[in-house]
Number of protein chains: 2
Amino acid sequence: MSLQLPAQFAQFGDARRNGFLRVKQIKEKGGKVAGTFCTFTPQEILDAAGVSPVSLCGMSEETIPAAEAHLPKNMCPLIKSSYGFAVSDKCPYTYFSDIIVGETTCDGKKKMYELLGKMKDVYLLHLPQGDREHALDHWTEEVGRFRDFLEERFGEEIPEGKIREAARLRNRERVARRRLMELQKAQPPMSSGYALYKALEGAGFYFDVEEVCRELTRLADNIEADYAAGSRPVSENAKRILITGCPIGGVLEKTVKAIEAAGGAVVCFENCSGIKAALDDVNPEAEDILRAVAEKYLKIGCAVMTPDARRMELLRRLVREYNADGVVEIDLQACTTYSVESYTVRKLMEEMEIPYMAIETDYSASDSGQLATRLEAFLEML
Amino acid sequence: MSLQLPAQFAQFGDARRNGFLRVKQIKEKGGKVAGTFCTFTPQEILDAAGVSPVSLCGMSEETIPAAEAHLPKNMCPLIKSSYGFAVSDKCPYTYFSDIIVGETTCDGKKKMYELLGKMKDVYLLHLPQGDREHALDHWTEEVGRFRDFLEERFGEEIPEGKIREAARLRNRERVARRRLMELQKAQPPMSSGYALYKALEGAGFYFDVEEVCRELTRLADNIEADYAAGSRPVSENAKRILITGCPIGGVLEKTVKAIEAAGGAVVCFENCSGIKAALDDVNPEAEDILRAVAEKYLKIGCAVMTPDARRMELLRRLVREYNADGVVEIDLQACTTYSVESYTVRKLMEEMEIPYMAIETDYSASDSGQLATRLEAFLEML
């Protein structure tokens, strides 16, 4: 996979695979690992507990048949793939996880965690279903309960100072992620969207957050220097595409890569591994640090929230900031919240007069040709 | 429809249609109506506010094409049908509703209410996602907020005494419903399951709860008297079936009727219009009446809750009490919570050595033949 990435990005393309060794080393040294599935999981609390978070979101169709022995076929491929990895014991990250942290985000995950709980130690965070009056109070209590659980589970107190320290470090990571993503505001953008996504995703498998900050910053420095020296990895004429919707790690080739193969350039990822989660920081000096952590995560604009005004505001802003020529929504099969909300996104884009296209896909290769044709037609239209 | 029902049941078969006139009369007299979608909606609060609740759950495929202009195809037919009725203005109950009360039960409804809110005045109840520590506190607060909203919306105070009064009356309705359902414990059962379901469903469209109590009691009296006099509407040899799963108003003919046409007898409905919602009463003398109301509704065992231990306990109990020979789970297409949970129900039935069959269907007639064949085969196997 690294062969397909520009040299600067090569290390990130391999990060997920190399991470297997890193996580093994963590465990061998007596470290603790928490498998997570969602950007709503408050990383600072895990960090402060000395537990390394790692994403268990499945990205391969390989394990879906194993999952379908227990789960319905008409279900999100990410959920089926993740569960399949657990049930077939094929994912080292799942294997090495001391605990798995779930959340009441969508129906599919919420119910899948019940079955996963029969195999692994699952802790469930109850996320409010919308950001309204009292939601922050309840979510702050919930983050506090999570801290209490971790203290008891691993027999070690989590002092407030550690959470503040974690917030400072994660803020630095978010700054580094934002800086890298903002390079795409240039015309033409400084990098292929595909390579950028691989870096953002790969950084999640470094475990050492200091290293993540360092490497992402070095990557941004290099890209910027090359661009200043005249390098133009993306054509001046490439249509600028903003991606929104579901997590896309499992469908990257037939969507993002297809867009760029057809002469487009993905300049912005609004979704999970992109801007959404890296947008807001935690105030490490806040009087109530738990509330500050809770507040940051509650601000994530995701379709699981009702209403999801924040996503609409963010899309409105990003389309302008990144000067998008078109918006492509990529939703995973049977993702009810995003597929219903796509009607609202479509209306917003009509109002903004930005061409919009919604794709629904799964982890199979069977629709690759059809998607390529549809994406080419969309780009031609811009 | 009433033609197909035994004489005793005739009035209930027409109740939904005749209810159109009743609701019109309520409105003409200055009364207020609240459209609801779920048994988690605390009726006592609406009653106490002088607002008549009516179910808006769509049961017809006729309005689904209109809904699919806004909603995804791969979605629960009940949600699409209900939304279609609203968007095409074809449902008098939706038309006459002063407010619509939604709830954060499943992803599909949660997100559909956002779109419905553009046409109608929608109030959303935030239901806890599981019955754990603090859930009852939060849900009690939520029920209180609902009361406050109704007071403000309709400009009238809701005294505690009215809630207690409503609880007493609704308890009487639940007693009447339970008594009617318990007649099926007899061997052979005292009524066809199809006719029983029609009565339970139809009673929801009487609006006058005193009348509901009276009519359901009279119906039970009549059935019991006929049975005592030797009437046997169901064969001694009919296999006794318990129905579980999603709301089935829209698929009754091709499931319940098909089971009974094939020589089975539905002796128990564990689902929404059946036992689940009528199981627990509200203590009208409780010190905190809001908490007592909240407690009753939080006890409903539905797949939207995680975990859903109450449904499993109830199924275990009902299978024994109603001496079921087999369990048929009827799930609606794309209902994630029930379709995932059906794995857990299957495991429970294996443990109890009760034959179990799960059906997934929608509101079209296209699978009627296939379902009839599968249900016949299941009954033969018993």
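The values are calculated or read from the model by the stated rules, or taken from the named source; none is laboratory data. These numbers come from a predicted model, not from an experiment. Cβ: placed from backbone, ideal geometry, glycine included. Neighbour counts: every protein chain shown. Just so you know, the surface numbers come from the protein's heavy atoms only, side chains and all, with ligands and any DNA or RNA stripped out. Shrake-Rupley method; radii C 1.70, N 1.55, O 1.52, S 1.80 Å.
Odds and ends about this structure:
- Nearest-ten-degree value, helix B:135-154 long axis tilted from longest Cα axis of chain B: 60
- Summed residue charge, Cβ within 15 Å of A:Asn18's Cβ, Lys/Arg positive, Asp/Glu negative: 0
- Checking every one of the GluC sites (Glu not before Pro) in segment B:327-357 against DSSP loop status and a limit of 15 other Cβ atoms within 10 Å picks out B:Glu353.
- When you filter the GluC sites (Glu not before Pro) in segment B:235-324 for DSSP loop state and at most 12 other Cβ atoms inside 10 Å of their Cβ, you are left with B:Glu236, B:Glu285, B:Glu287.
- Counting only other chain Cβ atoms within 10 Å of each residue's Cβ, the peptide A:114-122 averages 2.
- Electrostatic bookkeeping for B:Val54 treats Lys and Arg as +1 and Asp and Glu as -1; over the other residues with beta carbon under 14 Å from its beta carbon, the sum is +3.
- Modelled this way, with points 7 Å down the Cα-to-C-beta line, the labels at B:Glu313 and B:Ala229 are 4.2 nm from one another.
- Averaging the sequence gap over all C-alpha pairs within less than 8 Å and six or more residues apart, then dividing by the number of residues, gives segment B:252-342 a relative contact order of 21 percent.
- Percentage of interatomic Cα-Cα distances in the protein assembly as shown larger than 33 Å: 54
- Average partner coverage of B:173-180, which counts Cβ from other chains inside 10 Å: 0
- Take the accessible area of B alone and of A alone, subtract that of the pair with a 1.4 Å probe, and the total buried over both chains is about 3400 Å².
- Low-density loop positions, GluC sites (Glu not before Pro), segment B:1-96 - DSSP coil, at most 15 other Cβ in 10 Å: B:Glu68
- Cα gyration tensor, segment A:215-347 - rounded (a/c under 1.5), prolate or oblate: oblate
- Segment B:163-203 and segment A:105-132 have Cα centres separated by 35 Å.
- A 1.4 Å probe over all protein chains sorts A:His138, B:His134 by accessible area into B:His134, A:His138, starting with the largest.
- Placing a label point 7 Å from Cα along the Cα-to-Cβ direction at B:Pro159 gives distances to the equivalent points in the other copies of 5.9 nm, listed shortest first.
- For the pair segment A:1-57 and segment B:3-31, the centres of their Cα atoms are 61 angstrom apart.
- For chain B, the relative contact order works out to 19 percent when only alpha carbon pairs closer than 8 Å and six or more residues apart are counted.
- Tail weight of P(r) past 15 Å, computed on alpha-carbon pairs of segment B:1-70, percent: 68
- Set B:Lys32/B:Lys296; B:Lys185/B:Lys254; A:Lys80/B:Lys111; A:Lys109/B:Lys254; A:Lys185/A:Lys276 screened for pairs whose C-alpha atoms are more than 28 Å apart: A:Lys109/B:Lys254
- Coordinate range along principal axes, alpha carbons of segment B:89-207, Å, largest first: 50, 37, 31
- Residue of chain A nearest the A-to-B rotation axis [by Cβ], rounded angstrom distance: A:Asp107, 2
- Around B:Gly263: net Lys/Arg minus Asp/Glu count, Cβ-Cβ under 10 Å: -2
- The per residue volume of the convex hull around the alpha-carbon atoms of segment A:1-139 is 145 Å³.
- Close amide H contacts of B:Ala358 (hydrogens built in the peptide plane, cut-off under 5 Å, sequence separation of 5 or more or a different chain): B:Glu329.
- Per-residue average of Cβ from other chains inside 10 Å of B:70-77: 4
- Segment A:17-163, relative contact order [Cα under 8 Å, separation at least 6], %: 24
- Average accessible area per residue (Å²) across chain A - probe 1.4 Å, nucleic acids and ligands excluded: 38
- Placing B:Asp98, B:Asp288 in order of accessible area, with the largest value first and a 1.4 Å probe, yields B:Asp288, B:Asp98.
- Summary of packing: across the peptides B:101-112, A:158-169, the per-residue average of other C-beta atoms within 10 Å ranks them, highest first, as B:101-112, A:158-169.
- Dividing the radius of gyration of the alpha carbons in segment B:160-276 by their Kirkwood radius gives 1.00 for Rg/Rh.
- Rolling a 1.4 Å probe over the protein chains gives A:Ser88 an accessible area of about 40 Å².
- Volume per residue for chain A equals 130 cubic angstrom (convex hull of Cα atoms).
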